[in-house]
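The values are calculated or read from the model by the stated rules, or taken from the named source; none is laboratory data. On a predicted model such as this, the values are computed, not experimentally measured, just so you know. When we count neighbours, we look across all protein chains shown, and the Cβ atoms used for this are built from the backbone with ideal geometry, even at glycine.
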Amino acid sequence: MNTIGIKIKEVYLPFLVVSIATILFYNLFRWTFDIQLGILPLKNDLINIWFPFVLPWISVLMWLRRRIRILQVKGNSDNGYFFYQLIMSLAITAPIVVSQNYIEKASYDLVRLNHSHEVTNYSDQKYFDIHSFDVAHYASLPYVTARTSGKNNDKLTFYLYLASPLRNCANVWFGVEYKERLSNRLSDDKKDSEYRSFIEKSKKEFESYDFQDVSYFEKLGYSDERDGYLEAIKKQYPDEQASEQIILIPKFDAFEDRLGNSFPWIFRSFGIGAFVIFLMVAIPNINKKELKNFKNNKPIKDDELKNSLNFIDPRGTNKATAILLLLNMAIFIIMVFSGLNVMSPTPKELLEIGGNRRTEVLGGEYWRLLTSIFIHGGLVHLIMNLFSLGLAGSLLEGILGRVQFIMSYLVCGIIASLASIYWHTNTISVGASGAVFGLFGLILAFTIFKIYPKHMHGMTWTILGLFAGVSLLIGFFGGIDNAAHIGGLVSGFVYGGVLIRIDKRKLIKNAR
């Protein structure tokens, strides 16, 4: 068989099969369990974005990762193979995301009603054209919250949700949302000024809001937006059942235009992705050695994925580090499946699940000093801390031992939490970074007092500069709890000094 034929047979055709199967599987799963049966209690962003992003990665890693190795990728082969996996995953993700938008909107018809109170008779419907409705705008209930975003939480977005009751309709609300984004690096006084300006501007706009200028209504499903309106309702009516509240969002375009070009774009996005993958498969040469190994079912040599999985295996050589990594990941997954936003939970949500704040801790909730170091304010926050924790663990666990390493993490994390509430009066602090900075403090102590072999000093100083130094520098510009970082770093350094004082010889022996 010629070269292009081998690449098409062994790489490209399997990609087409895996991609089509993944797309069909997820759409069938969503349509059956969410739309038809309504038994998928997950927020819209999880179903529409995050699952469609994660599932293709699983498919590619399971069925295509080994086949990609057949291609002769130039340069750093591991980076090249990762790039191929990334593009293949995105080529599958795009049509899934587009198809979710289509399925969610196309699966429901427009229900025409004479009066707004009839909405309660259609619990399984989503879109309504209401001929007669009256909004009690003077009784509108507000709720304001904020979310941070960006790599270093450098963006801050204010949200104002206004739930206006419909007259003669129990538990039916007209929803209006306002939002504004600004830099999270502004001073507290400037943020407060921007916040007040946002509230005043939104209030003026709402006073002249035309409630009758509506084409049709969309009933909100399980989402962050719905949670915002429910918080507004709960403040005034704490005994109302959240599940019984119906939030109607006005839509101003024609109902027939709601789908846009989403259906043809399912196939277009798939076709574009398939064409890109074809070029990526056709251009490189074949790695004959890898092809032979593939035919003989030989495993990948120096498999980075396998090494990464082994690193987080609590039965492996890095037991303590693996336990801490898995515990942080597990808590984040529980948070997400409980309804918290993947990228930016609100401060209120973080406080409710164990975030750290001075008022609550001084009020007797001391457990927050510990729980907050396992809670993260979004996926980016989690990934950065997991990477730093894994790096610190690889340099410390072998020296300290498993029990001492976990104790170091917990002690430094608690001291970092104390430093945070000492410095901040009303800041909600979460994340493993204070504890991780404590581990960096230990690395600093072990470097200065020459616990590490001399040939490792360049590496440890580089790590401290790139991770601890840069993070502290960024923190001085806002958006990061530097008080916890500094508290963790100092406590780790002191803790390391105490350990060195107790048994320096043993630490040096372990380090070597």
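Could you list, in sequence order, the residues of the range 347-386 that are in contact (Cβ under 8 Å) with a residue 60 or more places away in the chain and touching a strand residue (DSSP E or B) at 6+ places or on another chain (Cβ under 6 Å)? The one that is in contact (Cβ under 8 Å) with a residue 60 or more places away in the chain and touching a strand residue (DSSP E or B) at 6+ places or on another chain (Cβ under 6 Å): Asn356.
Quickly run through the range 292-317 and pick out the residues that are exposed (fewer than 14 other Cβ atoms within 10 Å of the Cβ) and assigned to a loop (DSSP other than H, G, I, E, B). Give the derivation first.
Residues of the range 292-317 that are exposed (fewer than 14 other Cβ atoms within 10 Å of the Cβ), as a first pass: 292, 295-299, 301-302, 304-309, 313, 315-317.
Of everything in the range 292-317, those that are exposed (fewer than 14 other Cβ atoms within 10 Å of the Cβ) and assigned to a loop (DSSP other than H, G, I, E, B) turn out to be Asn296, Asn297, Lys298, Pro299, Lys301, Asp302, Asp313, Arg315, Gly316, Thr317.
Within the range 158-181, the set of residues being of a type outside the set (S, T, N, Q) and over 16 Å from Leu230 (Cα atoms) comprises Phe158, Arg167, Cys169, Lys179, Glu180, Arg181.
Kindly evaluate Phe294 against the criterion of being modelled with pLDDT of 95 or more and under 30 Å from Leu86 (Cα atoms).
Values: modelled with pLDDT of 95 or more: no; under 30 Å from Leu86 (Cα atoms): yes.
Considered against the rule, which asks whether it is modelled with pLDDT of 95 or more and under 30 Å from Leu86 (Cα atoms), Phe294 comes out as no.
Candidates in the range 168-206 are the residues that are over 18 Å from Tyr143 (Cβ atoms) and among the acidic types (Asp, Glu); of these, the one that is farthest from the chain's Cα centre (by Cα) is Asp189.
Out of Gly469, Gly413, Gly434, Gly438, one residue alone is within 30 Å of Asp503 (Cβ to Cβ) and modelled with pLDDT under 90. It is Gly469.
The single condition from (1) modelled with pLDDT of 95 or more; (2) surrounded by 18 or more Cβ atoms within 10 Å (Cβ to Cβ); (3) within 27 Å of Pro284 (Cβ to Cβ) that Val98 fails is (3). Checked against the criterion of being without any contact (Cβ under 8 Å) to a residue 12 or more places away in the chain and in contact with a Gly (Cβ under 6 Å, 6 or more places away or on another chain), the range 307-322 contains one or more residues that satisfy it.
Mind counting the residues in the range 335-361 that are of a type in the set (A, V, I, L, M, F, W, C) and within 19 Å of Gly413 (Cβ to Cβ)?
Quick first cut of the range 335-361, residues of a type in the set (A, V, I, L, M, F, W, C) only: 335-337, 340, 342-343, 350-351, 353, 361.
Within this subset, residues satisfying the condition of being within 19 Å of Gly413 (Cβ to Cβ) are 335, 350-351, 353, 361.
Total satisfying the criteria: 5.
For Leu351, the conditions (1) buried (at least 17 other Cβ atoms within 10 Å of the Cβ); (2) within 17 Å of the chain's Cα centre (by Cα); (3) over 22 Å from Ile406 (Cα atoms); (4) not charged (D, E, K, R) all hold with the exception of (2).
Got at least one residue in the range 10-28 being part of a loop (DSSP other than H, G, I, E, B) and under 26 Å from the mean Cα position of the chain (by Cα)? The answer is no; no qualifying residue exists.
Looking only at residues in the range 84-125 that are part of a helix (DSSP H, G or I) and free of Cβ contacts under 8 Å to residues at least 24 places away in the same chain, which one is nearest to Phe25 (Cα to Cα)? Full working, then the answer.
Taking the range 84-125 as the starting set, the residues that turn out to be part of a helix (DSSP H, G or I) are 84-106, 116-121.
Subset that is free of Cβ contacts under 8 Å to residues at least 24 places away in the same chain: 86, 118, 121.
Values: Leu86: 20, Glu118: 36, Asn121: 32 Å.
Among them, the one singled out is Leu86.
Which fully enclosed helices (runs of 4 or more DSSP H) of the range 168-282 have 3 or more residues being at negative phi and not assigned by TED's automatic domain parsing to the domain that holds Arg147? Give the derivation first.
Working: elements: 188-207, 224-236, 262-282.
Per the criteria, 262-282.
The condition of being aromatic (Phe, Trp, Tyr), in the same structural domain as Tyr495 (by TED's automatic domain parsing) and surrounded by fewer than 17 Cβ atoms within 10 Å (Cβ to Cβ) holds for only one of Phe405, Phe467, Phe437, Phe449, that being Phe449.
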